[in-house]
Amino acid sequence: MIIKTQKPIATSEITDSLVFKRRRQIIKSLLAITGAGVAPAWASETKPLWDNLTQGDFSAHDLTPTPLELIKNYTNYYEFAFNKEDSTDLAQHLAIDPWSVEISGEVEKPVRLHLEDIVRQQTLEERIYRFRCVEGWSMVVPWVGFSLASLLKSVKPLSTARFVKFTTVHQPTVMPNQRNNAMLTWPYTEALRIDEAMHPLTILAVGMYGDVLSKQNGAPLRLVVPWKYGFKSIKAIVKIELLKTPPLTTWNQATPHDYGFYANVNPHVPHPRWSQNSERQLGSHFFTPRRQTELFNGYGEQVASLYRDMDLRHFF
Ligand SMILES: Nc1nc2c(c(=O)[nH]1)N[C@H]1C(S)=C(S)[C@@H](COP(=O)(O)O)O[C@H]1N2
Ligand SMILES: [Mo]
């Protein structure tokens, strides 16, 4: 894990038309502090520009970001399509400015916030995380985001809050599968236990590769939980609810035997139709051996204690 921090940048009066430009500027200025951010270092074999940054516990792992070129058309976004290229193209129609997020439920101060105000209040960091999809592929992504815990604390969770539910935007005019009600129940929802949501590794991302998030990757705001399978990392979030009881989530509801609530990356628990023992790393040559999948996607040192009392073969 590599973390880069900067004090939030003071924004003054922002009009809606400036919103996107402003967000992009804030994110880009994060890279500017290192004097880098000109050439996309992740797109080549040159030294990554975060080489000079503090490296966390994961320096032993290969955390060279997957070249952006290789992942930008490789999208799972089922509101748009069930194949990766079409969902990338169709996602460009999503309307993302202005954007607001409702935070409600078991909190002292339910609010609806403009994304710009959230970004202004939170401290943006760059985090380079491994990302493992349940389908058996993986990548390394330099996200730009902020701590979910920090946002949740700002609305003062009540002691009754035990789960956090996230909901994707409902935009049936541009999301074809929301119109057809195809396959899944829309809008897409996901959830975490409150301690998972409060974990320092859990972030809400507004950017990647030193720029704003692209629409196909979940703009303008998505969850990233690096020790869980990718489907937990819900895109285009408009609502965050703190709840007393575990909510039904999209995949858990659709195929309860395939996808558990926890969905922690676990090489020992196969999917009903394939092994989760190894993964194809995006961008690797076809003759490169598959990577051995790690328990908790390699973040066990940080998160295993959350599941101390659970038999991980049953809570999958
Ligand atoms: N709203 C929404 N969020 C979603 C999905 C989706 O279909 N809709 N797909 C999930 C799955 S299965 C994965 S693997 C990741 C993919 O993220 P990426 O396209 O940015 O790589 O997004 C997750 N978040
Ligand atoms: Mo996925």
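Coordinate-derived values only; no laboratory data. Since we're looking at a predicted model, the values are computed, not measured. For neighbour counting, all protein chains shown are included, and Cβ atoms are generated from backbone atoms with ideal geometry for every residue, glycine included.
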Rg from C-alpha atoms of the stretch 58-178, normalised by the globular rule of thumb 2.2 N^0.38 Å, equals 1.26
Using alpha carbons only, how many angstrom separate the centre of the stretch 287-316 from the centre of the stretch 141-209? 21
Taking H placed 1.01 Å from N in the peptide plane, check which residues at least 5 places from Tyr188 or on another chain put their amide H under 5 Å from its amide H. Thr168
Taking Trp143, Trp274, Trp186 and counting other beta carbon atoms within 10 angstrom, the fewest-first order is Trp274, Trp186, Trp143
Convex hull (Cα only) mean projected area of the stretch 270-316, reported in nm² to one decimal: 4.4
Report the label-to-label distance for Lys244 and Asp117 in nanometres (one decimal), using points 7 Å from each Cα along the Cα→Cβ vector. 2.9
Out of all Cα-Cα pairs in the stretch 23-307, roughly what percent, to the nearest whole number, are more than 34 Å apart? 15
Within the set Lys72/Lys165; Lys109/Lys156; Lys153/Lys215; Lys156/Lys244; Lys165/Lys228; Lys21/Lys215, which residue pairs have Cα atoms separated by over 18 Å? Lys72/Lys165; Lys153/Lys215
One finds the C-alpha centres of the stretch 231-261 and the stretch 73-93 to be spaced, in Å, by 20
For the stretch 168-316, just say rounded, prolate or oblate: build the C-alpha gyration tensor, square-root its eigenvalues into a ≥ b ≥ c, call rounded for a/c under 1.5, and beyond that prolate if a/b exceeds b/c, oblate if not. rounded
Quote the convex hull volume per residue of the stretch 203-289, based on C-alpha atoms, as a whole number of Å³. 141
